[in-house]
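Take a look at the structure below.
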Amino acid sequence: MPEASHDMPRYRAMRRVTIVGAVINLFLSVTQIATGVLLHSQALLADGVHTLSDLVSDGVVLFASGQANRHADAEHPYGHGRIETLATVFVGLMLMGVAAGIGWDAGHRLFEPEDLLVPAPWAMFFASLAIFSKEALYHYTIRVANRIRSNLLRANAWHHRSDVASSLVVVVGIGGTLAGLPYLDAIAAVIVAGMILLMGWRLVRQSVNELIDTGLEPERVASIRDAILSVDGVKSLHMLRTRRMGGSALADVHILVSPRISVSEGHHISDTVRRHLVDSFDELTDVTVHIDPEDDEKVPPSSHLPGRAELLDKLHASWSGVEAADAVDRIGIHYLNGKAHIEIHLPLARLADLEQARHTAERLRAASHRVPEVGEVSVHFD
């Protein structure tokens, strides 16, 4: 896909921060694994493998960001944001697999004392180096992730933060082993494995929730509801639904407006609601607003009523004996409460006097009520 088809500022930001992270992860993983082997620290070696898994996840982020930031097309009208979600699931599963391997090996050594390793003092330095590097990388990545609203990048940032915690455990384990407690290095490796496993599970769970269209947080939905109700012309709302799509969120809602306003005014209100939500909530990029003249969750439905053409045929047939019925020049129909409410407009100039107007109006109302689907009938003289 040509580069021009991407959301370029967002894609460039994700690519830049991920490449920086990949370079740092490559340096740290090579250093930790090599020194872990040379200095006999199983915990440092485990942390190096963890960092190496970060390098793989950085590659996934680079690929996914390039795909997810492509513009919507005919086959993907909502865009490609879910590619980020799928990639996050992959990263999470990969972390869980790495954690299982590290934990299994360290646990085995705990039950086989002759296999326990005693790290050299220099291992403390390299474990500390990882802490400072990963903490700086976390702050850099999370700042960019929050700015461009990328859950995938945010997950990678917390991946870096988990590395800081695991490296702290490694420092404690190495220090305890050097102090004469040989089990602590292996115990530290098991703890690191548990932390990696937990982080992987959280990433998978969050992404799966997004894939099955779990809504936004309740407090966020409440804020969206309040914002909709603040728009002039909105009487109430129902069926407010939200979901996430990569770094964005989508919403659809039914709003209740006055049943007697014009179609164009109803459209204006719905467009105002959409623009207000998009302007007020950074993550909302697509909002669908359905206009209701009544709460269709509480009142009888009107879907069984005939359409305009069929209803007009019935009305004209019922008016056949009404004098001046052929002078009707406009008919309004309001489908409300399971009935069709009719507005009849007559030019006053076509009638002889006010008495004839009153008499014609009464006859039109009576004739209209003979149509079973008709509810209220009003006659207006223009």
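Overview of values
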quantity: Yes/no for VAL377 being among the hydrophobic types (A, V, I, L, M, F, W, C), in a loop (DSSP other than H, G, I, E, B), crowded, with 17+ Cβ neighbours inside 10 Å and not assigned by TED's automatic domain parsing to the domain that holds SER236; calculated: no
quantity: Hits in the stretch 324-333 - residues which are assigned to a strand (DSSP E or B) and either buried (at least 18 other Cβ atoms within 10 Å of the Cβ) or in contact with a helix residue (DSSP H, G or I) (Cβ under 9 Å, 6 or more places away or on another chain) (or both); calculated: ILE331, ILE333
quantity: Tally, over the stretch 334-353, of residues that are farther than 18 Å from PHE381 by Cβ and assigned to a strand (DSSP E or B); calculated: 6
quantity: Options ARG244, ARG154; residue that is modelled with pLDDT of 70 or more, among the basic types (Lys, Arg), closer than 18 Å to ALA87 by Cβ and outside any helix (DSSP H, G or I); calculated: ARG244
quantity: Options LEU364, LEU311: the member that is of a type outside the set (D, E, K, R) and out of contact with any Phe, Trp or Tyr (no Cβ under 8 Å at 6 or more places or on another chain); calculated: LEU311
quantity: Residue identified as within 27 Å of LYS235 (Cβ to Cβ) and exposed (fewer than 13 other Cβ atoms within 10 Å of the Cβ) among GLY307, GLY321; calculated: GLY307
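A quick yes/no check of all residues on (1) of a type outside the set (Ser, Thr, Tyr); (2) at pLDDT 75 or above; (3) surrounded by fewer than 18 Cβ atoms within 10 Å (Cβ to Cβ):
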{"residue": "ALA106", "(1), (2), (3)": "yes, no, no"}
{"residue": "GLU114", "(1), (2), (3)": "yes, no, yes"}
{"residue": "ALA123", "(1), (2), (3)": "yes, no, no"}
{"residue": "LEU129", "(1), (2), (3)": "yes, yes, yes"}
{"residue": "VAL144", "(1), (2), (3)": "yes, yes, no"}
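The values are calculated or read from the model by the stated rules, or taken from the named source; none is laboratory data. Note that the structure is predicted; figures quoted are calculated from it, not measured. As a convention, Cβ positions derive from the backbone with ideal geometry for all residues, glycine included, and neighbour counts pool all protein chains shown.
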